[in-house]
Amino acid sequence: MTQSDAVRRELVAANHILAHEGVLDAFGHVSVRNPADAGRYLLSRSRSPEIVADADIRSFTLDSTPMEPESGPFYMERVIHGALYQLRPDVSAVCHFHAPPIMPFCVTGMEIVPVTHLGATMGAKVPFWSGQDSFGDTNMLVSTAEEGASLAKAMGSNWSVLMANHGAVVAGRTLREVVFRAIHFCRNAEVLGASLRLGSVTPLTAGEIRLASEVNLQDVVLQRAWDYWLHRVPRDGDRWPRQAGTAAG
């Protein structure tokens, strides 16, 4: 298996894991920067993540132009990915989602903060972006270069951003890191929402966030979590086979 084949295969696995763990459903998407060409990224054509297969993976320039324009349809919001890759050389994977646990925070504008040690990987600050501020009434999709750039600028140097009435975007230095961060972003939101119904909450301190993130984003931890999530994905036709620890080739 070539490096390109391995990266595409791992991106398929990421789609299936995120769908099975409830981060993605019929909508949302995850991408990875091409390790052989930092000016390109890989993303599925427009399909529901749970059924993405190897043959669906497409290559895009950082302005989100498909390398094979006839091979669509493509996600309209792919500009989210391209804009972040352009702005952040340190970002190698991006995920956009609308998981139910995060939506109350998107609707109310209430700050989402880390309250669990695994949730620390979301980062100390989660900015809040509203397209209404710069673009007025839209169809709510981030589908133009200007909207993508605005969202990327709002994330800044952070690892996640909430979108008003829409969803969230998380970024990572690797594909496995972004999968870990997206899953625990959602689980932290679920715990935070439940805790707020019981009373006041105590967020993690800045030091706890930094130290917990360092531990939880170690390769050995990411590998352990990846193997677990991959094993949970059902075998079904050409979907990802449950072979722990082989995704990177």
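The values are calculated or read from the model by the stated rules, or taken from the named source; none is laboratory data. Keep in mind that what you see is a predicted model, and the values were worked out from it rather than measured. Cβ: placed from backbone, ideal geometry, glycine included. Neighbour counts: every protein chain shown. Keep in mind that these areas ignore ligands, DNA and RNA; they rest on the heavy atoms of the full protein, side chains included. Shrake-Rupley method; radii C 1.70, N 1.55, O 1.52, S 1.80 Å.
Structure notes:
- The stretch 181-209: number of residues that are in contact (Cβ under 8 Å) with a residue 12 or more places away in the chain, under 15 Å from L118 (Cα atoms) and part of a helix (DSSP H, G or I): 15
- Count of residues meeting criterion [in a helix (DSSP H, G or I) and over 14 Å from L230 (Cβ atoms)] in the stretch 7-31: 2
- Every condition in (1) out of contact with any Pro (no Cβ under 8 Å at 6 or more places or on another chain); (2) closer than 28 Å to P203 by Cβ; (3) not in a helix (DSSP H, G or I) is met by V161 except one, and the failing one is (1).
- For the stretch 144-182, the candidate set comprises residues that are over 17 Å from the mean Cα position of the chain (by Cα) and not hydrophobic (A, V, I, L, M, F, W, C); within that set, the residue that is most open to solvent (accessible area, probe 1.4 Å) is E146.
- Restricting the stretch 110-132 to residues that are outside any loop (DSSP other than H, G, I, E, B) and among the polar types (S, T, N, Q), the residue that is most open to solvent (accessible area, probe 1.4 Å): Q132
- Filtering the stretch 40-65 to residues that are open to solvent by 20 Å² or more (accessible area, probe 1.4 Å) and in a strand (DSSP E or B) leaves R40, R58, S59, T61.
- Complete set of residues in the stretch 71-104 that are in a helix (DSSP H, G or I) and open to solvent by less than 10 Å² (accessible area, probe 1.4 Å): I80, H81, G82, L84, Y85, I102
- Pair list, Cβ under 6 Å, 6 or more apart: the stretch 88-117 residue closer than 16 Å to L18 by Cβ, other residue in a helix (DSSP H, G or I) and basic (K, R): none
- Subset of the stretch 1-39 (residues that are free of Cβ contacts under 8 Å to residues at least 60 places away in the same chain and either crowded, with 24+ Cβ neighbours inside 10 Å or among the basic types (K, R) (or both)): R8, N15
- In the set (1) among the basic types (K, R); (2) exposed (fewer than 15 other Cβ atoms within 10 Å of the Cβ); (3) under 26 Å from S4 (Cβ atoms), R197 fails one condition alone, (3).
- For the stretch 146-158, the count of residues that are under 22 Å from G22 (Cβ atoms) and in contact with a strand residue (DSSP E or B) (Cβ under 9 Å, 6 or more places away or on another chain) is zero.
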